[in-house]
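A short write-up of the structure that comes next.
None of the figures in this text is laboratory data; all of them are computed from the coordinates on show. Everything numeric in this text was worked out from a predicted model, so none of it was measured. Here the Cβ positions follow ideal geometry from the backbone for every residue, glycine too, while neighbour counts run over all protein chains shown.
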Amino acid sequence: MHIRPFRIGDESDLFAVFHSSIHGLAARDYSADQINAWAPDNLDQDVWRERMQGISPFVVEHDAQIVGYADIQPDGYIDHFFVSAKFARMGVGRMLMQHLHVVAAERSIATLCSDVSRTAQPFFERFGFLVVEQRAPIIRGVVVPNLLMHKTLVSDTTVEGIATSCACVSSALRAARSGAPSLPR
Ligand SMILES: CC(C)(COP(=O)(O)OP(=O)(O)OC[C@H]1O[C@@H](n2cnc3c(N)ncnc32)[C@H](O)[C@@H]1OP(=O)(O)O)[C@@H](O)C(=O)NCCC(=O)NCCS
């Protein structure tokens, strides 16, 4: 298993991971309507391609197959974090999360944050993320609840200080106010 940057041409394999992860793993915490709104079988692949090129994630390969991917944006926001259902609980998520921490250190990013699914909450907690807020984004007309979680990488003093110094929390809130869905990722 190894990790590498996104390459043009990965997009359809990333969609397969995204779809497998949501239908095969997140389905235990969300209803069928929520799952189908979040990861529809017929998601517009032009939009998807553009999205993946925009976030440019790191991908984990096993035997030349992409089994997981995750991104980190310049403000520390993790937009997508998905592991293929067949490869769950085999250390793929750990490899991605550790890599994001290395990249964050290299880029002097002070805080990581993400809109995290109920399914992924224990995993993010395992890596030291805290819940900032429960949210209820609407995706294709269906409410798909998630949690805004963050992790401060450089020391800060107070809870208030952490919350206000988290640039990606601000951007997530801006997105929420403008009505932009944080999911699908
Ligand atoms: C959450 C997710 C990314 C975890 O990936 P993974 O490859 O299965 O995780 P790993 O095998 O690397 O596990 C790393 C650690 O997290 C723990 N962990 C992983 N999933 C967990 C869960 N659901 N509950 C509790 N602990 C969990 C593992 O036990 C392991 O702990 P350890 O180091 O003490 O052994 C994956 O399950 C997933 O893609 N879920 C569905 C999609 C989703 O909701 N994505 C996130 C959108 S924000």
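Quick look at the values:
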item	result
Virtual paramagnetic centre 7 Å along Cα→Cβ of H23, amide N under 13 Å, in segment 86-130	86
Within-15-Å neighbourhood charge of N42 [Cβ basis; K, R +1; D, E -1]	-1
Two-site FRET efficiency, L153 against Q53, from Cβ-Cβ distance with R₀ of 25 Å, rounded to 0.05	0.40
Mean projected area (nm²) of the alpha-carbon convex hull when segment 2-177 is viewed from all directions	9.9
Packing rank of 115-122, 140-147, where each peptide gets the mean count of other beta carbons within 10 Å, highest leading	115-122, 140-147
R0 of 30 Å, Cβ-Cβ distance Q45-Q121: FRET efficiency to nearest 0.05	0.55
